[in-house]
1. Filter the range 36-81 down to the residues that are within 15 Å of the ligand (Cβ to nearest atom), surrounded by 21 or more Cβ atoms within 10 Å (Cβ to Cβ), small (Gly, Ala, Ser) and not in a strand (DSSP E or B) and list them by number.
2. Given the residues Leu87, Leu96, which is the only one that is part of a helix (DSSP H, G or I), modelled with pLDDT of 95 or more and more than 14 Å from Asn31 (Cα to Cα)?
3. Please state which of the following conditions Cys124 fails to meet, knowing it meets all the rest: (1) without any contact (Cβ under 8 Å) to a residue 60 or more places away in the chain; (2) closer than 18 Å to Ala217 by Cα.
4. How many residues does the range 249-265 hold that are part of a helix (DSSP H, G or I) and either crowded, with 16+ Cβ neighbours inside 10 Å or touching a helix residue (DSSP H, G or I) at 6+ places or on another chain (Cβ under 9 Å) (or both)?
5. Restricted to the range 220-232, and to residues that are free of Cβ contacts under 8 Å to residues at least 12 places away in the same chain and either closer than 18 Å to Ser119 by Cβ or assigned to a helix (DSSP H, G or I) (or both), which residue is nearest to the ligand (Cβ to nearest atom)?
6. Would you be able to tell me the number of residues in the range 147-198 that are in a helix (DSSP H, G or I), touching a residue at least 60 places away in the same chain (Cβ under 8 Å), closer than 17 Å to Thr57 by Cβ and under 16 Å from the mean Cα position of the chain (by Cα)?
7. Please go through the range 233-265 and give me each residue that is under 20 Å from Thr85 (Cα atoms) and either aromatic (Phe, Trp, Tyr) or more than 14 Å from the ligand (Cβ to nearest atom) (or both), ordered by number.
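The values are calculated or read from the model by the stated rules, or taken from the named source; none is laboratory data. Just so you know, these numbers come straight off a predicted model, no measurement behind them. Here the Cβ is made from the backbone with ideal geometry for all residues, glycine too, and neighbour counts use every protein chain on show.
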Amino acid sequence: MERSRVTASYEASEGVGRITLNRPQALNAWNPDLGRALLSCVQRASADDDVRVIVITGAGRAFSAGADVKEDRELTASGDPDLSTRLLTIYNPIVLAVRHAPKPVVAAVNGVAAGIGCSLALACDLVIAAESAYFLWAFTRIGLACDGGSGHFLNERLGAVRAAELMMLGERLPAEKAREWGLVNFVHSDDEFPSEVDQLCGRLANGPSVAYSSIKAALSARSEGDLAESLEFEAKAQQRQASTADYAEGVAAFKEKRPPAFAGH
Ligand code: T3D
């Protein structure tokens, strides 16, 4: 058994590589440190022939609340917060690393998944969720567009109608409804969730790994180029949001724990 960095920990045993997002005090919100650690965990698990299934979950009560909204951003040359560099250099490569891992990756959604946390869950091959978990495409709540592949995954799986509803209205989608809609494979009671995750991972770790790998490649074959393009498109679009008053207001409102008042520019 082995362990690595703190913001995303990794351990491997009995064919299962377990990655845990580990900033529970911020509901496992992503910052560059967590992103780099997560990317390294996925790459490591992906390359380890003894690991036959990867599972990603969150420490504490959340899966991940998305990008860290409270941390200051670097500024671009034009003086706007830089939202795209970390997407292009760290966060998008995580999504692609999950998709390119030659083995099943399971999202074990133990609690809320918001923003890019939703994107991460949808990048995985199978999604198992605790009954109390929910998904929240929270981007518009802070004046942002979507990223991390959410636009691609939702459009592909739900169609544009429901994708627009989830991302524009930014309402909670409970785990059970996400299962009914086809975004989640299994929902279990919170008590049974950990053992059900172990059971699913054990089954995959003892299954026909080469066949799983080929199935994954076959399922991705047609849309792989679209995903890569989408990720780049989203990162550029997100950067355009950085100069809006709505983004500044969204972030200020979150920090001040009040509803945002968007001016529409
Ligand atoms: O670089 C870029 O930013 C570009 C990339 C963007 C990608 C994105 O993912 S944008 C979307 C970012 N995520 C959000 O906007 C979600 C923000 N969080 C929430 O709306 C709520 O926290 C939840 C609905 C997820 C959960 O609500 P609740 O009531 O269960 O918990 P809480 O009290 O709001 O949060 C608990 C603590 O975690 C709290 O800190 P405190 O007050 O105890 O010190 C809260 O501020 C903190 N926290 C939650 N989410 C984030 C966060 N801190 C930083 N970033 C967060 N995303």
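1. Within the range 36-81, Ala65, Gly66 qualify.
2. Leu96
3. It is condition (1) that Cys124 fails.
4. Looking only at that region, the number is 5.
5. Glu229
6. Here the count works out to 1.
7. Phe233, Tyr247
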